[in-house]
Amino acid sequence: MVAISTIHRWRLHGTRGVRLEAASVGGRWVTSEEAFQRFSDRLGETKNGGASEASPRPVRDNDAIDKSLDAEGL
């Protein structure tokens, strides 16, 4: 199981240069099973030597991100 804060980090910052597709609908962020599948497929490509679209991201303060998400009720 994946924590909701992890899903939001994938949406905001991505991982290994890949971001999870999502849309804001009525003030809530939503995604789809198909978007998760594409996200997973792209991660598999980067892991197996495919080119990454972005440079490595700086280390983030995960506690601050979690507190921010909690404050927003996410």
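Taken together, the values in this text are just the output of simple stated rules run on the coordinates, not laboratory data. Just so it is clear, the model here is predicted, and its values are computed rather than measured. Backbone-built Cβ (ideal geometry, glycine too); neighbour counts: all protein chains shown.
Give me the number: length gained by fully extending A35 to D63, i.e. 0.36 nm times residue separation minus the C-alpha to C-alpha distance, one decimal in nm.
Details: separation 28, 0.36 × 28 = 10.08 nm, distance 2.63 nm.
My answer for the length gained is 7.5 nm.
Could you order peptides 36-46, 22-32 by the average number of other Cβ atoms within 10 Å of their residues, highest first?
On the way: 36-46: 14.6, 22-32: 10.7.
Taking the mean over residues of other Cβ atoms within 10 Å, the ranking is 36-46, 22-32.
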